[in-house]
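**Student:** Before we start, here is the structure in question, set down as structure tokens.
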Amino acid sequence: MKLHEYQSKKLFRNHHIPVPEGHVAHSPDEASVLAERLGGFPVVVKAQIHAGGRGKGGGVKLARSLDEVQSITEAILSRPLVTPQTGSQGKKVRKVLVEQGLDIDQELYFSIIPDRSTAKIMIIASRAGGMDIEEVAASDPDKIIRVLINPLTGIEPSHCKDVVTGLNIPESLADKFSALVENLYGLFIKSDCSLLEINPLVITKQENLIALDAKIDIDDNALFRQKDLLTYRDTDEEDPLEVEASKFNLNYINLDGNVGNMVNGAGLAMATMDLIKNAGAEPANFLDVGGGADEEMVENGFRIILEDENVKGILINIFGGILRCDVLAEGVVTAARKTGINVPVVIRLQGTNVDKGREILAASGLNLITAEDLADAATKISEIVGK
């Protein structure tokens, strides 16, 4: 689950991590009132969307007067913001963060992520703050420092010292920077983060350390114990079909193709999408109904797939184990009748009670096409959507 910058900074404040003073506005007039409350110029107006590269797209602007705050906010809110991470369609901006300007002396990069290759927590930092870290890593990897932390023992003074030394932090700020690193690590662990990133983390000319930006992703698998953070979820930033699917515990991701597919098992779903592409078609979604899918889940899966106007055909690929093929077939037939499916459906069944399942499909009288195997299923659905 992604958080907005202003939400991430709220968590920062709660963990004694310094951030600029700022407030969220939903209109140009509100932005002007909040800017005046900050007590001085310049101020920064920042679009709040779940995408990076906002500055490159014109979503982060410096304002030196109330008139500029008004005009900048109006411009940001009036059209989709296109960044390197949004695609050409951009994203609608519904709110902005109005924040005090800072007297910056140095910009740093800082992030914490889980490193699955070592089963440890990794701090990544660089003196090249404010830049795309991917470009820095590619062009000048020596500017990137990495510190690994065993999550079972937690962060130790030596880890902080490695970061301080690697970033060449002045001795006058060493203790303060070490405390900041400890607080950031504590937030990362306590909130079950999958990403914590500050770009840039600045040192001001007054020798203050301040997180000028803030990006946090929360591990979806840990949300059951992060009830308070669930209130930060902004469904306006998510695909409407994905939001709908989450209500029924369906693992759904919307894509750009024309073949809707429903599969039981994430690995099988990925393989099915590859087969669709290899057959010359394009998957319209990833949909894993899980091993214990019932009739209701199948029905909701159908309904969500059909809400995508690009879908010209549906491929169902089920390996019957926990979910028997005959039970799945009954569910498909019932769901097809309830949802009034108006596109061809190709079904590949294999596993427990597969023959009985195929009999149920054949006797339904519906436009349900049975495939012998995966290759046959991919070929049939490709021919259907290619017509």
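The values are calculated or read from the model by the stated rules, or taken from the named source; none is laboratory data. Bear in mind the structure is a predicted one, so any value in this text is a computation, not a measurement. Using ideal geometry, Cβ is built from the backbone for each residue, glycine included, and neighbour counts are taken over all protein chains shown.
**Student:** Between a residue in segment 186-209 that is without any contact (Cβ under 8 Å) to a residue 60 or more places away in the chain and any residue that is buried (at least 20 other Cβ atoms within 10 Å of the Cβ), which pairs come within a Cβ distance under 7 Å, given they are 6 or more apart or on different chains?
**Tutor:** Hits for this filter: 192/218.
**Student:** Suppose we filter 113, 155, 121, 145 for residues that are touching a strand residue (DSSP E or B) at 6+ places or on another chain (Cβ under 6 Å), part of a strand (DSSP E or B) and surrounded by 20 or more Cβ atoms within 10 Å (Cβ to Cβ); which single one remains? First the steps, then the outcome.
**Tutor:** Working: 113 fails: surrounded by 20 or more Cβ atoms within 10 Å (Cβ to Cβ); 155 fails: part of a strand (DSSP E or B); 145 fails: surrounded by 20 or more Cβ atoms within 10 Å (Cβ to Cβ).
None of the others qualify; the one that does is 121.
**Student:** Just the residues that are of a type outside the set (A, V, I, L, M) and assigned to a strand (DSSP E or B), please, taken from segment 241-283. Break it down stepwise before answering.
**Tutor:** Of all residues in segment 241-283, those of a type outside the set (A, V, I, L, M) come to 242, 244, 246-249, 251-252, 254, 256-258, 260-261, 264-265, 267, 272, 274, 277-278, 280, 282-283.
Within segment 241-283, 251, 252, 254, 260, 261, 283 qualify.
**Student:** Additional query: Checking residue 288 against (1) without any contact (Cβ under 8 Å) to a residue 60 or more places away in the chain; (2) crowded, with 17+ Cβ neighbours inside 10 Å; (3) out of contact with any Gly (no Cβ under 8 Å at 6 or more places or on another chain): exactly one of these is not met. Which one?
**Tutor:** So residue 288 meets the others, but not (3).
**Student:** Go through (1) in contact (Cβ under 8 Å) with a residue 12 or more places away in the chain; (2) outside the structural domain of residue 214 (by TED's automatic domain parsing); (3) of a type outside the set (Gly, Ala, Ser) and name the single condition residue 33 misses.
**Tutor:** Among (1) in contact (Cβ under 8 Å) with a residue 12 or more places away in the chain; (2) outside the structural domain of residue 214 (by TED's automatic domain parsing); (3) of a type outside the set (Gly, Ala, Ser), residue 33 violates only (1).
**Student:** Scan segment 241-264 residue by residue and report those that are surrounded by 13 or more Cβ atoms within 10 Å (Cβ to Cβ), under 22 Å from residue 377 (Cβ atoms) and not aliphatic (A, V, I, L, M).
**Tutor:** Within segment 241-264, 251, 252, 254, 257, 258, 260, 261, 264 qualify.
**Student:** Here is a further query. What are the residue pairs meeting all of these: first residue in segment 295-316, first residue touching a residue at least 60 places away in the same chain (Cβ under 8 Å), second residue basic (Lys, Arg), Cβ atoms under 8 Å, and 6 or more apart or on different chains?
**Tutor:** Filtered contacts from segment 295-316: 315/348.
**Student:** If a residue must be of a type in the set (Val, Ile, Thr), in contact with a helix residue (DSSP H, G or I) (Cβ under 7 Å, 6 or more places away or on another chain) and either surrounded by fewer than 20 Cβ atoms within 10 Å (Cβ to Cβ) or at pLDDT below 80 (or both), how many such residues does segment 312-338 contain? Step through it out loud before you land on a result.
**Tutor:** As a first pass, look at segment 312-338 and keep what is of a type in the set (Val, Ile, Thr): 314, 316, 318, 322, 327, 332-334.
Pick out the ones that are also in contact with a helix residue (DSSP H, G or I) (Cβ under 7 Å, 6 or more places away or on another chain) and you get 314, 316, 318, 332-334.
Narrowing the set further to residues that are either surrounded by fewer than 20 Cβ atoms within 10 Å (Cβ to Cβ) or at pLDDT below 80 (or both) leaves 333-334.
Count: 2.
The rows are residues; the columns are (1) more than 23 Å from the chain's Cα centre (by Cα); (2) under 30 Å from residue 188 (Cα atoms); (3) β-branched (Val, Ile, Thr); (4) assigned to a loop (DSSP other than H, G, I, E, B).
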residue: 32; (1), (2), (3), (4): yes, no, no, no
residue: 37; (1), (2), (3), (4): yes, no, no, no
residue: 44; (1), (2), (3), (4): yes, yes, yes, no
residue: 49; (1), (2), (3), (4): no, yes, yes, yes
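**Student:** Considering only segment 224-240, state which residues are charged (D, E, K, R), assigned to a helix (DSSP H, G or I) and surrounded by 14 or more Cβ atoms within 10 Å (Cβ to Cβ).
**Tutor:** Going residue by residue through segment 224-240, those that are charged (D, E, K, R) are 225, 227-228, 233-234, 236-239.
If we keep only those that are assigned to a helix (DSSP H, G or I) as well, we get 225, 227-228, 236-237.
Within segment 224-240, 237 is the sole residue that qualifies.
**Student:** Among the listed residues 71, 139, 88, 158, identify the single one that is over 25 Å from the mean Cα position of the chain (by Cα), among the polar types (S, T, N, Q) and modelled with pLDDT under 95. Please lay out each step first, then the result.
**Tutor:** Working: 71 fails: modelled with pLDDT under 95; 88 fails: over 25 Å from the mean Cα position of the chain (by Cα); 158 fails: modelled with pLDDT under 95.
Of the residues listed, the single one that is over 25 Å from the mean Cα position of the chain (by Cα), among the polar types (S, T, N, Q) and modelled with pLDDT under 95 is 139.
**Student:** Considering only segment 329-377, state which residues are hydroxyl-bearing (Ser, Thr, Tyr) and assigned to a helix (DSSP H, G or I).
**Tutor:** Residues of segment 329-377 that are hydroxyl-bearing (Ser, Thr, Tyr), as a first pass: 334, 339, 352, 364, 370.
Correct list: 334, 339.
Each row is one residue, and each column tells you yes or no for (1) crowded, with 19+ Cβ neighbours inside 10 Å; (2) within 30 Å of residue 134 (Cα to Cα); (3) touching a Leu at 6+ places or on another chain (Cβ under 9 Å); (4) not assigned by TED's automatic domain parsing to the domain that holds residue 208.
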residue: 49; (1), (2), (3), (4): yes, yes, yes, yes
residue: 58; (1), (2), (3), (4): no, yes, yes, yes
residue: 63; (1), (2), (3), (4): yes, yes, no, yes
residue: 79; (1), (2), (3), (4): no, yes, no, yes
